[in-house]
Amino acid sequence: MKTFVKKGMAAIVLLAAAVIITAPASVQAKASNIQLNVNQTYKQYDFTGDQKPDKLRVSAGSSDSYSYGNYQVHLNGKKVLSIKGHRYYSFKINRLELKNKNIYLSIIPVTDNADTPGAAIYQYKSGRFKKAVDLDAMQKISTHNSAKIMKVTGNKITVEHGVMSYALGLISFRLDYQYQNQKLVQTTDKPKLTDSHLKALKKSYWTAGHSMNVLKSPSGKRIATLKKGQKAKVNRIYLNPKHTKIYLNVKIKGGKSGWVKGWTSSSPQSSKGMFEEAQYSG
């Protein structure tokens, strides 16, 4: 009797394994962040959210022997997105799926100086891909912008932005975009700096090029003055959701901590910069 039971259980295990092996693969990929290639057709992924595989191709037309002049997205044989206006050298394309099964397509075109004009996260709605997040909306605080999809966790997409800021020159920081009320919303407003020109100089402190008011909070009341020539650490910034305001979190050497208002495109600026170590490129 025991032998019969053991044989029966073994048969059930083998049958279950056979079912798993022979069952058709689901169109819902386990990975939530899948890198795709330009000028390649994909037929195994769902992009519309109907749980069925779609046929997607991001096509780029050649401008010359080493660059592209435009790009288009075709889904199930129909053109659903078309962009032109720059010379593109490469593309970073990702299929992003949140825990709640919302699916997005990020397209980050790369041009001169590693800039990414037109970088965006799209979602398919009403027969076309609509922009869910504009990853290039940094013109008020910087002259150059680059973006990179870092990870997808739960219902959140993390993006690293690199900008040539008016305030500090070259800096990088990460922003989280969380799914809320049926859309992606920037939920990070005080990101840490992940890189800056100061690191390349192997320095820890910035030197103030001008005297600045130090505030208790962004747009808050004045609590101190960062005087011209004083040293301060800047490890974090404040960036509002519209990316029109930037504040720098300063820790004055031997003094107080607070926030100073960073330059934007409309700020009165001088050639010296907010800090002596800041370097800019046009």
Residue satisfying all of: in region 165-176; in a strand (DSSP E or B) and open to solvent by less than 50 Å² (accessible area, probe 1.4 Å); farthest from Lys99 (Cα to Cα) among these: Gly169
Working only within region 134-156, note down all residues that are touching a Ser or Thr at 6+ places or on another chain (Cβ under 7 Å) and assigned to a strand (DSSP E or B). Ser142, Asn145, Ser146, Ala147, Ile149, Met150, Lys151, Val152
Against the condition surrounded by 21 or more Cβ atoms within 10 Å (Cβ to Cβ) and among the polar types (S, T, N, Q), how does Ser217 come out, does it pass? no
Does Thr188 fit the bill of being within 30 Å of Lys253 (Cβ to Cβ), modelled with pLDDT of 95 or more and open to solvent by less than 30 Å² (accessible area, probe 1.4 Å)? yes
Subset of region 208-251, residues over 27 Å from Leu175 (Cα atoms) and not small (Gly, Ala, Ser), comes to His210, Arg222, Ile223, Thr225, Leu226, Lys227, Lys228, Gln230, Lys231
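Are any of the residues in region 177-187 in a loop (DSSP other than H, G, I, E, B) and touching a residue at least 12 places away in the same chain (Cβ under 8 Å)?
Yes, region 177-187 contains a residue that is in a loop (DSSP other than H, G, I, E, B) and touching a residue at least 12 places away in the same chain (Cβ under 8 Å).
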Can you pull out the residues in region 141-164 that are open to solvent by 40 Å² or more (accessible area, probe 1.4 Å) and over 23 Å from Lys183 (Cα atoms)? Thr143
Select from region 191-212 the residues that are in a loop (DSSP other than H, G, I, E, B), open to solvent by 40 Å² or more (accessible area, probe 1.4 Å) and either within 17 Å of Ile237 (Cα to Cα) or charged (D, E, K, R) (or both) and list them in ascending order. Lys202, Lys203, Ser204, Tyr205
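Of all residues in region 254-273, which are assigned to a loop (DSSP other than H, G, I, E, B) and either in contact with a Ser or Thr (Cβ under 9 Å, 6 or more places away or on another chain) or of a type in the set (Ser, Thr, Tyr) (or both)? Talk me through it step by step, then tell me what you get.
First pass over region 254-273, keeping only residues assigned to a loop (DSSP other than H, G, I, E, B): 254-256, 262-273.
Hits for region 254-273 are Gly262, Trp263, Thr264, Ser265, Ser266, Ser267, Ser270, Ser271.
The values are calculated or read from the model by the stated rules, or taken from the named source; none is laboratory data. On a predicted model such as this, the values are computed, not experimentally measured, just so you know. Positions of Cβ are generated from backbone atoms using ideal geometry, with glycine treated the same way; all protein chains shown enter the neighbour counts. These area figures cover heavy atoms from the full protein model, side chains too; ligands, DNA and RNA do not enter into them. Shrake-Rupley method; radii C 1.70, N 1.55, O 1.52, S 1.80 Å.
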